[in-house]
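Asker: If you scroll down you'll find the structure; I have some questions about it.
Computed from the coordinates by the stated procedures, all read-outs in this text should not be read as laboratory data. Since the model is a prediction, treat every value here as computed from it, not as a measurement. Glycine gets a Cβ as well: all are built from the backbone with ideal geometry, and neighbour counts include every protein chain shown.
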Amino acid sequence: MTEKNNVFIMDHPLIQHKIALLRDKNTGSKEFRELISEVAMLMCYEATRDLPLKEIEVETPLEIAKANILYGRKLAFIPILRAGIGMIDGAVKLVPAAKIGHIGLYRDPGTLKPVEYFCKLPGDIEEREVIVLDPMLATGGSATDAINMIKKRRPKSIKFMCIISAPEGIKFLSESHPDVKIYCGVEDKKLNDHGYILPGLGDAGDRIFGTK
Ligand code: PRP
Ligand code: URA
């Protein structure tokens, strides 16, 4: 994983391999969903590297051992609907105790601005570290608005995790929320005139849910 100015780009070979399969237009919905979940799990492993540990003693069948367990921080995953839902399963496999909130946003195809339609966050979010999930960071409008909504509820910290990002989205999100660490599977070339990421993978929501 490489880091520059709070933006982390994945270099793990398994993540890169699975992203190549996600990009392929011949990958069908079933495999696409499985891959999104697998990449989310691998990325979650990287994005939780800074979780603190506490030393404890456990009794093995042979003797007492010193061991480390997670300590103190509680997590919440917040997928941005719809496509973010595809990442939840993989993330929760790694952190089963995490709570899950939901934010519903869709991009108006004309203005490319996000439109809010749902928000349900954990009641104790102020005690939690939040990881926002969305496979695509394009203009950055959806991620920025979702984080604006979450910040009103004052969680302990916020990270944003996406699979494919555009430079335009990274710039907009970093400038809007400089305190938020951004984890990207890959940084792509640019956006096209309709706000789609090039080369990208197409419309993530449609490919996950088989709509269109
Ligand atoms: C997609 C994607 C992001 C957003 C990214 O969602 O999942 O939420 O676009 O674009 P942005 O960075 O320019 O805001 P979409 O609005 O297509 O909704 P969907 O997930 O319901 O398909
Ligand atoms: N949303 C997507 O699903 N794909 C893109 O390329 C851009 C926004």
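Asker: Say each of ILE56 and LYS93 gets a label point 7 Å from the Cα, pointing the same way as Cα to Cβ; how far apart are those two points in nm?
Answerer: Using points 7 Å along Cα→Cβ, the separation is 2.5 nm.
Asker: Taking the Kirkwood radius as the inverse of the mean 1/r across Cα pairs, report the Rg/Rh of region 1-42.
Answerer: Rg divided by Rh gives 1.06.
Asker: Using the structure shown, select from LYS66/LYS151; LYS18/LYS152; LYS54/LYS189; LYS30/LYS151; LYS93/LYS212; LYS30/LYS159 the pairs with a Cα to Cα distance greater than 31 angstrom.
Answerer: LYS66/LYS151; LYS18/LYS152; LYS54/LYS189; LYS30/LYS151
Asker: What list of ³J(HN,Hα) values in whole Hz, one per residue of region 71-81 in order, does the Karplus curve 6.51 cos²θ - 1.76 cosθ + 1.60 (θ = phi - 60°) give from phi, with Gly and Pro shown as x?
Answerer: 9, x, 9, 10, 10, 9, 9, 10, x, 8, 6
Asker: For ASN26 and GLU63 in one chain, what is 0.36 nm times their gap in residues minus the Cα-Cα distance, to one decimal in nm?
Answerer: 7.9 nm
Asker: Please order CYS44, CYS162 by the number of other Cβ within 10 Å, starting at the fewest.
Answerer: Fewest to most other Cβ atoms nearby, the residues stand as CYS44, CYS162.
Asker: Something else about it: Just want the ordering: ARG128, ARG73, from fewest to most Cβ atoms lying within 10 Å of their own Cβ.
Answerer: Ordered from fewest to most neighbouring Cβ atoms within 10 Å, ARG128, ARG73 come out as ARG73, ARG128.
Asker: Using the basic label-point model (7 angstrom from Cα toward the beta carbon), what is the TYR117 to ARG153 distance in nanometres?
Answerer: 2.0
Asker: How large is ³J(HN,Hα) for each residue in region 94-108, as worked out from phi by the Karplus curve 6.51 cos²θ - 1.76 cosθ + 1.60 (θ = phi - 60°), to whole Hz, x for Gly and Pro?
Answerer: Per-residue couplings from phi come out as 7, 10, x, 7, 5, 8, 10, x, 9, 10, x, 9, 10, 8, 5 Hz.
Asker: Ignoring everything except DSSP H segments at least 4 long, calculate the 222 nm mean residue ellipticity for the chain; use -39,500 (n - 2.57) per segment, divide by total residues, nearest 500.
Answerer: Taking each H run of at least 4 residues, the total per residue is -9500 deg cm²/dmol.
Asker: Test of the criteria: in region 51-152, which chymotrypsin sites (Phe, Trp or Tyr not before Pro) are in a DSSP loop and have at most 15 other Cβ atoms within 10 angstrom of their Cβ?
Answerer: Those satisfying the criteria are TYR71.
Asker: How large is the direction-averaged shadow of the alpha-carbon convex hull of the chain, in nm²?
Answerer: 13.2
Asker: Please order SER142, SER37 by the number of other Cβ within 10 Å, starting at the fewest.
Answerer: SER37, SER142
Asker: Computed FRET efficiency, Cβ-Cβ of TYR71 and ASP108, R0 41 Å: what is it to the nearest 0.05?
Answerer: 0.40
Asker: From the phi angles alone, apply the Karplus equation (6.51, -1.76, 1.60; θ = phi - 60°) to region 85-93 and give each ³J(HN,Hα) in whole Hz, x where the residue is Gly or Pro.
Answerer: Residue by residue, region 85-93 yields 4, x, 8, 5, 4, x, 5, 6, 4 Hz.
Asker: Between region 1-42 and region 139-212, what is the separation of their alpha carbon centroids in Å?
Answerer: Centre-to-centre (Cα) distance: 14 Å.
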